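The numbers here are math on the coordinates, done by the rules we state, and not lab data. As the structure is a computational prediction, the values presented were derived from the model and not from experiment. Here the Cβ positions follow ideal geometry from the backbone for every residue, glycine too, while neighbour counts run over all protein chains shown.
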């Protein structure tokens, strides 16, 4: 891809799983979808796309069969909770959220692989 994408990426390791969070504005996400000739189905009333990639820390193989729920808590303490959908072409899970105000957001996931549940989270700041 010749165009550069403005995206914040944060990685953490949780119990043998590498969790990558990718956060971008819907405008940037639309560019990615167009470049990849994918369906452009951005959810109305949202401002950002949050993508999660899960990989086995040892094998670096993507985990494609997880169930993931994400909770985003805004700077005022209001939360949004959504199930992430799996995107086969990207080997990732994502959803759209409204991150419209400035401040620090808490992004938390609960993910289940097999019968093991784990949680992971990051902070994301809009200046």
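Suppose the chain between residue 100 and residue 125 were pulled fully straight at 0.36 nm per residue; how much longer would it get relative to their current alpha carbon spacing?
Values: separation 25, 0.36 × 25 = 9.00 nm, distance 1.13 nm.
Roughly 7.9 nm would be gained on extension.
Using a simple spin-label model with pseudo-atoms 7 Å out from Cα toward Cβ, residue 69 and residue 42 lie 2.8 nm apart.
Using a Förster radius of 22 Å, what is the FRET efficiency between residue 34 and residue 12 based on their Cβ-Cβ separation? Nearest 0.05, please. Mind showing how you got there, number by number?
On the way: r = 30 Å, r/R0 = 1.36.
The computed FRET efficiency comes out at 0.15.
Per the Debye formula on identical point scatterers at the alpha carbon atoms of segment 8-126, with no solvent, log10 I(q)/I(0) at q = 0.12, 0.16, 0.18, 0.22 Å⁻¹ is -0.42, -0.75, -0.94, -1.34.
Compute the whole-percent fraction of alpha carbon pairs in segment 62-105 spaced more than 15 Å apart. Spell out each step's value before the answer.
Numbers: 462 of 946 pairs.
Here the tail beyond 15 Å accounts for 49 percent of pairs.
Given the rule -39500 (n - 2.57) for each run of at least 4 DSSP H residues, summed and divided by the residues of the chain, what is its mean residue ellipticity at 222 nm, to the nearest 500 deg cm²/dmol?
Numbers: 1 runs with 10 residues, N = 127.
The helix contribution divided over the chain gives -2500 deg cm²/dmol.
Projecting label points 7 angstrom from Cα along Cα→Cβ for residue 61 and residue 80 puts them 3.4 nm apart.
Its Cα gyration tensor gives segment 80-127 an equivalent ellipsoid, and the semi-axes of that ellipsoid, as √(5λ) in whole Å with the largest first, are 23, 15, 9.
Roughly speaking, what is the stretch gain from residue 90 to residue 20, that is 0.36 nm per residue apart minus the C-alpha to C-alpha distance, in nm to one decimal?
23.9 nm
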